[in-house]
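Since the structure comes first, as structure tokens, the remarks are kept for the end.
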């Protein structure tokens, strides 16, 4: 069993702090710990994994507070006109994000930064110790679930999703990736997400300050996470000048693949995983998220969205990337395009193992997915 107070006390010891300056997250953490104890049917490995992850998040929060106390100028950093890639998972968002992030005029969160946003030393000129820690974590994840290598490219040194920064507020869907806790997910969906997005903004301020210390000169952030589909109103509330790129792919080609990925992530941590229930829960979440974004766009027709299709980004990546730059009011240089082409050449999908799955493995059929996502399919396909 997980115990919230024990986790808090252990984090305080690890961070060498006596208290949290901001403990407003505790009610959400209470609900999350209760859900993991009562809904998730965790095995011993699962209890250890979730306990360690929650303790790390708490420790990171404490250490960030200490850094901001020492360097209050961190909170003077401004996050201006971020480019935010959203869309269902498995729609090419990772490929777009990592390709465009090779442009050094932009800033992107790196895996090791989002998992370990707090430096371990006041040294920004040498190899970051967090990289080794994150590389070990990636290795452990692939050892626990080897099939992940075929589903999602995992690299501690590559750009990744800011949802792992948002996770530090305990107001993200990340815990649901490693445990089937639908009641918690339903509860969280109905909560005010402002605190989570405020904390995300602060994390980006901290990372931007660090990148400046490292000599990076990018001026605009390139962000990416499907999570924002659920909360467009909070995204624009906190980032009012964001430019949002929404990627599209038919749900029949997306949802079963994502069910496979979520199964691979959750399977090691329970002995009684109901795979169809897990996959169906995620399908419902994404159908709701797409409807949320569609309704927001209908109510805010001037909201800055650019629609791209998966097959177009695969067939004509440079053309689609040029669309993004024009949409964001940026000039794409020949040097940047060359770097992007070089990255794509060495990161082809074919270089990873083939991803095998069947719709029926997760309780899906094409007709059922079509019905569940009918509003979205009618609008975009």
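The values are calculated or read from the model by the stated rules, or taken from the named source; none is laboratory data. Quick caveat: nothing in here was measured; it's all calculated off a predicted structure. Counting neighbours? That spans all protein chains shown, and the Cβs are built from the backbone with ideal geometry, glycine included.
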Condition broken by residue 19, with the remaining ones in (1) in a loop (DSSP other than H, G, I, E, B); (2) in contact with a strand residue (DSSP E or B) (Cβ under 6 Å, 6 or more places away or on another chain); (3) at pLDDT 95 or above satisfied = (2)
Residues that are surrounded by fewer than 18 Cβ atoms within 10 Å (Cβ to Cβ) and assigned to a loop (DSSP other than H, G, I, E, B), drawn from segment 188-202 | 190, 191, 192
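May I ask you to verify whether residue 247 is buried (at least 18 other Cβ atoms within 10 Å of the Cβ), modelled with pLDDT under 95 and in contact with a helix residue (DSSP H, G or I) (Cβ under 6 Å, 6 or more places away or on another chain)? Walk me through how you get there before you give the answer.
Working: buried (at least 18 other Cβ atoms within 10 Å of the Cβ): yes; modelled with pLDDT under 95: no; in contact with a helix residue (DSSP H, G or I) (Cβ under 6 Å, 6 or more places away or on another chain): yes.
The answer is no for residue 247.
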Which residue, of 379, 279, is buried (at least 19 other Cβ atoms within 10 Å of the Cβ) and in contact with a helix residue (DSSP H, G or I) (Cβ under 9 Å, 6 or more places away or on another chain)?
-> 279
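Yes/no matrix, rows are residues, columns are (1) surrounded by 15 or more Cβ atoms within 10 Å (Cβ to Cβ); (2) more than 30 Å from residue 321 (Cα to Cα); (3) within 24 Å of the chain's Cα centre (by Cα):
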site	(1), (2), (3)
6	no, yes, no
11	yes, yes, yes
32	yes, yes, yes
36	yes, yes, yes
40	yes, yes, yes
62	yes, yes, yes
84	yes, no, yes
103	yes, no, yes
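Select, from 310, 327, the only residue that is in contact (Cβ under 8 Å) with a residue 12 or more places away in the chain, more than 22 Å from the chain's Cα centre (by Cα) and surrounded by 13 or more Cβ atoms within 10 Å (Cβ to Cβ).
Details: 310 fails: more than 22 Å from the chain's Cα centre (by Cα).
None of the other options fit; the residue is 327.
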What are the residues in segment 1-10 that are outside any loop (DSSP other than H, G, I, E, B) and farther than 13 Å from residue 170 by Cβ, if any?
-> 5, 6, 9, 10
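Across segment 314-329, what is the total count of residues that are within 12 Å of residue 245 (Cβ to Cβ) and either modelled with pLDDT under 95 or part of a loop (DSSP other than H, G, I, E, B) (or both)? Please lay out each step first, then the result.
As a first pass, look at segment 314-329 and keep what is within 12 Å of residue 245 (Cβ to Cβ): 320-321, 323-328.
Right, trim to either modelled with pLDDT under 95 or part of a loop (DSSP other than H, G, I, E, B) (or both) and you get none.
Within segment 314-329, residues that are within 12 Å of residue 245 (Cβ to Cβ) and either modelled with pLDDT under 95 or part of a loop (DSSP other than H, G, I, E, B) (or both) number 0.
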In segment 337-365, residue surrounded by the most Cβ atoms within 10 Å (Cβ to Cβ) [restricted to those that are assigned to a loop (DSSP other than H, G, I, E, B), at pLDDT 70 or above and touching a helix residue (DSSP H, G or I) at 6+ places or on another chain (Cβ under 9 Å)] | 364
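Is it the case that residue 292 is surrounded by fewer than 18 Cβ atoms within 10 Å (Cβ to Cβ), free of Cβ contacts under 8 Å to residues at least 40 places away in the same chain and under 24 Å from the mean Cα position of the chain (by Cα)?
On the way: surrounded by fewer than 18 Cβ atoms within 10 Å (Cβ to Cβ): yes; free of Cβ contacts under 8 Å to residues at least 40 places away in the same chain: no; under 24 Å from the mean Cα position of the chain (by Cα): yes.
Here the answer is no, as residue 292 does not meet what is asked.
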Residue 302 passes all but one of the listed conditions (1) modelled with pLDDT under 95; (2) exposed (fewer than 15 other Cβ atoms within 10 Å of the Cβ); (3) not in a helix (DSSP H, G or I); the exception is number (1)
Taking residue 97 and the conditions (1) at pLDDT 90 or above; (2) in contact with a helix residue (DSSP H, G or I) (Cβ under 8 Å, 6 or more places away or on another chain), which numbered condition does it fall short on, given that it satisfies the others?
-> (2)
Any idea how many residues of segment 147-174 are surrounded by fewer than 22 Cβ atoms within 10 Å (Cβ to Cβ) and either closer than 19 Å to residue 37 by Cβ or within 12 Å of the chain's Cα centre (by Cα) (or both)?
-> 4
Those residues of segment 258-276 that are buried (at least 23 other Cβ atoms within 10 Å of the Cβ) and closer than 11 Å to residue 363 by Cβ come to a total of 1
Cross-chain or 6+ apart pairs with Cβ under 9 Å, segment 176-187 first and on the phi > 0 side of the Ramachandran plot and assigned to a helix (DSSP H, G or I), then crowded, with 23+ Cβ neighbours inside 10 Å and at pLDDT 95 or above = none
Residues in segment 243-256 that are more than 17 Å from the chain's Cα centre (by Cα) and over 16 Å from residue 376 (Cα atoms) total 2
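Would you mind stating whether residue 244 is within 24 Å of residue 312 (Cα to Cα), in contact (Cβ under 8 Å) with a residue 40 or more places away in the chain and assigned to a helix (DSSP H, G or I)?
Numbers: within 24 Å of residue 312 (Cα to Cα): yes; in contact (Cβ under 8 Å) with a residue 40 or more places away in the chain: yes; assigned to a helix (DSSP H, G or I): no.
So residue 244 fails the test.
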Within segment 170-185, identify whether any single residue is modelled with pLDDT of 90 or more and touching a strand residue (DSSP E or B) at 6+ places or on another chain (Cβ under 9 Å), and answer yes or no.
-> yes
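Look through segment 208-239, keep the residues that are more than 25 Å from residue 306 (Cβ to Cβ) and in a helix (DSSP H, G or I), and return whichever of them is farthest from the chain's Cα centre (by Cα). Break it down into steps so the answer makes sense when it comes.
Start the filter on segment 208-239 by keeping residues that are more than 25 Å from residue 306 (Cβ to Cβ), which leaves 209-217.
Next, from what is left, pick out any that are in a helix (DSSP H, G or I): 209-213.
Working: 209: 21, 210: 20, 211: 20, 212: 23, 213: 25 Å.
Ranking the qualifying residues of segment 208-239, first place goes to 213.
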